1. Could you list, in sequence order, all residues of region 131-145 that are out of contact with any Leu (no Cβ under 7 Å at 6 or more places or on another chain) and either under 11 Å from LEU90 (Cα atoms) or hydroxyl-bearing (Ser, Thr, Tyr) (or both)?
2. If the requirement is being among the acidic types (Asp, Glu), away from the ligand (no atom under 11 Å from the Cβ), at pLDDT 95 or above and not assigned by TED's automatic domain parsing to the domain that holds ALA160, which of these qualifies: GLU45, GLU61, GLU78?
3. State the number of residues belonging to region 49-66 that are surrounded by 19 or more Cβ atoms within 10 Å (Cβ to Cβ) and of a type outside the set (Ser, Thr, Tyr).
4. Could you say whether any residue in region 133-140 is at pLDDT 90 or above and among the charged types (D, E, K, R)?
5. Can you confirm whether region 252-262 contains a residue that is under 27 Å from ARG166 (Cα atoms), surrounded by fewer than 13 Cβ atoms within 10 Å (Cβ to Cβ), at pLDDT 75 or above and out of contact with any strand residue (DSSP E or B) (no Cβ under 9 Å at 6 or more places or on another chain)?
6. Looking only at residues in region 18-42 that are under 27 Å from the mean Cα position of the chain (by Cα) and in a strand (DSSP E or B), which one is nearest to the ligand (Cβ to nearest atom)?
7. Filtering region 86-119 down to residues that are of a type in the set (Ser, Thr, Tyr) and surrounded by fewer than 23 Cβ atoms within 10 Å (Cβ to Cβ), which residue is nearest to the chain's Cα centre (by Cα)?
Amino acid sequence: MQLSRRIPDDVKREVRQRCGFGCVRCGSLIFQYHHFDPPFNVATEHRASGITLLCGGCHDEATRGLLSPESVRKLNAEPFCLEESARHALDLAAPLYIVAGTMMFVGSGPLFTLGGRQLLELSAVDGRVLVNASFVDDLGNSLLQIHENELLVRRGAWDAQFRGPRLIVNRAPREVVLEMIVHPPHSIYFPQLALRFRDLQVRADSAGIEVTQGAKRSKIVSEGGVIVNGGGLELTRKNCRFGPGLAIIPYPASRFRSLVQTGALDTIFRDLYQPRIHVQDTSKGVPNWLITDDCGNTLGFAESRIRAIAKAERLAAAADARVVVNNDSDSISFMFDGVEIESPSMRISGLSQ
Ligand SMILES: [Zn+2]
């Protein structure tokens, strides 16, 4: 009777750990399980020591007989990832949207800087978009690096594997330290993410973003989608702030989650960049409210806030736009559990630069 194709999960995990989470020949993170001792057609059980990891190309060579059983045995004894990292080149192109928990980053620059060290960074070089990142566990062991769009999984992880487009890195059974869904070429979604430098830590998940500064732990972004353009999060022992030149826009968390799962981040972008109609209080004391569009064109006046909003809503409905109430035309700040985040400009013209 032929052996079932289904390899038990614990056997697979043992093989992954032994082989360093990549093809034993070339280190590819996208691998298959290859029975080599004995070969699958005569195997009577799924034994971890007789199974190795080969990527699609290397596996094909082995099954066609272009890669000898002796070589496979040798490669299995000294897997590529013993010395090097398991790897996968990400297929990315600008514009790139990166979502960490409930926060979406667009544009380029450092996304997370801890203790002066840029741990997740986006840059644009000659029209190419480059991602660099470093993820470590609680003890500071490197689990995953992204070096110029190449994913590098270190052996320090307890487990790491792609399931479809989703990379999951565990530090212990059922303890996921990193979850990353790649939607090439324009987006990467981290449903779970932890970044650490010394006693500074940032955790992002579906509940928001939490920072740890030594003994102090604070939630800086709770329920609710947020977009940041330009400045990323800078965390030091004393401070926690978002860098200059950014705009943060609350976004409905439920819609956000369903869209990031499918990679439709450009939909979020379009939602946010819809034309908006602004209502501003233009004079102190005198009830005089100004209604403008995104370009600053005056659309009308009203004598009270309520009337101004009602008028703006009517204009917005006709123009397929949204209403934003600006009490201060120069600056808007958001408070997230005591951490003040300032936005120098909420105007769309400022965002798209
Ligand atoms: Zn290979």
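The values are calculated or read from the model by the stated rules, or taken from the named source; none is laboratory data. These numbers come from a predicted model, not from an experiment. Counting neighbours? That spans all protein chains shown, and the Cβs are built from the backbone with ideal geometry, glycine included.
1. Passing the criteria: only SER142.
2. Numbers: GLU45 fails: at pLDDT 95 or above; GLU61 fails: away from the ligand (no atom under 11 Å from the Cβ).
Result of the check over GLU45, GLU61, GLU78: GLU78.
3. 7
4. no
5. yes
6. Here the residue is SER28.
7. Ranking the candidates gives TYR97 first.
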